[in-house]
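A.B. asks: Here you go, one structure.
The values are calculated or read from the model by the stated rules, or taken from the named source; none is laboratory data. Computed from a predicted model, the values in this text were never measured in an experiment. Please note: Cβ atoms are built from the backbone with ideal geometry, for glycine as well, and neighbour counts cover all protein chains shown.
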Amino acid sequence: VERLALETNGWFFIAGQHPNASSNNSFLHYASPAMVEDAWAQTSTLINGFGGAVQGLLAFNKQQVQEQTVLMNEQYMEAKQQKEAAVVEALEKQKEHSARLLSMIEQLRDGTLSIENMPPTVNTPLE
């Protein structure tokens, strides 16, 4: 671009910014000598305008990342609570099942229940 600008004496302006560069005014730009000489004030305005636009885009991107982080944390906490509730429910069912089995064992020992009369729920784990 510089060679073309020098050979043609034309106005050329190029600017670029890497989205992960975080410092203010960390963008690169090139303004041809003819552009700087003929229209310094406008070139300066163009450079500053690009810098402002880039900072706005970076701030918007940062805000989006923060919003997504908050959303993901909320979803994680909800999933964690659901998992904990499911574990508590499973433990309660296991406790109830164990209590039924212990009761049946006691009934078998004292003769109030025989194997032939055992309820079918004994063979159904954790209903």
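Results for (1) modelled with pLDDT under 90; (2) of a type in the set (Asp, Glu); (3) more than 30 Å from Ala5 (Cβ to Cβ), shown as yes or no for each residue.
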residue	(1), (2), (3)
Phe27	yes, no, no
Glu89	no, yes, yes
Leu101	yes, no, yes
Asn123	yes, no, yes
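A.B. asks: Same structure, new question: Do any residues in segment 93-105 that are free of Cβ contacts under 8 Å to residues at least 24 places away in the same chain have Cβ atoms under 8 Å from those of residues that are part of a helix (DSSP H, G or I) and among the polar types (S, T, N, Q), where the two are at least six apart or on different chains, and which pairs are they?
C.D. replies: Arg100/Thr121
A.B. asks: Tell me whether segment 91-109 contains one or more residues that are in a loop (DSSP other than H, G, I, E, B) and surrounded by fewer than 10 Cβ atoms within 10 Å (Cβ to Cβ).
C.D. replies: no
A.B. asks: I've got another one for you. Tell me whether segment 29-43 contains one or more residues that are touching a residue at least 12 places away in the same chain (Cβ under 8 Å) and over 28 Å from Glu2 (Cβ atoms).
C.D. replies: Checking segment 29-43: not a single residue is touching a residue at least 12 places away in the same chain (Cβ under 8 Å) and over 28 Å from Glu2 (Cβ atoms).
A.B. asks: Do you know which residues across segment 42-58 are surrounded by 13 or more Cβ atoms within 10 Å (Cβ to Cβ), of a type outside the set (Val, Ile, Thr) and under 14 Å from Ser26 (Cβ atoms)?
C.D. replies: Phe50, Gly51, Ala53, Gln55, Leu58
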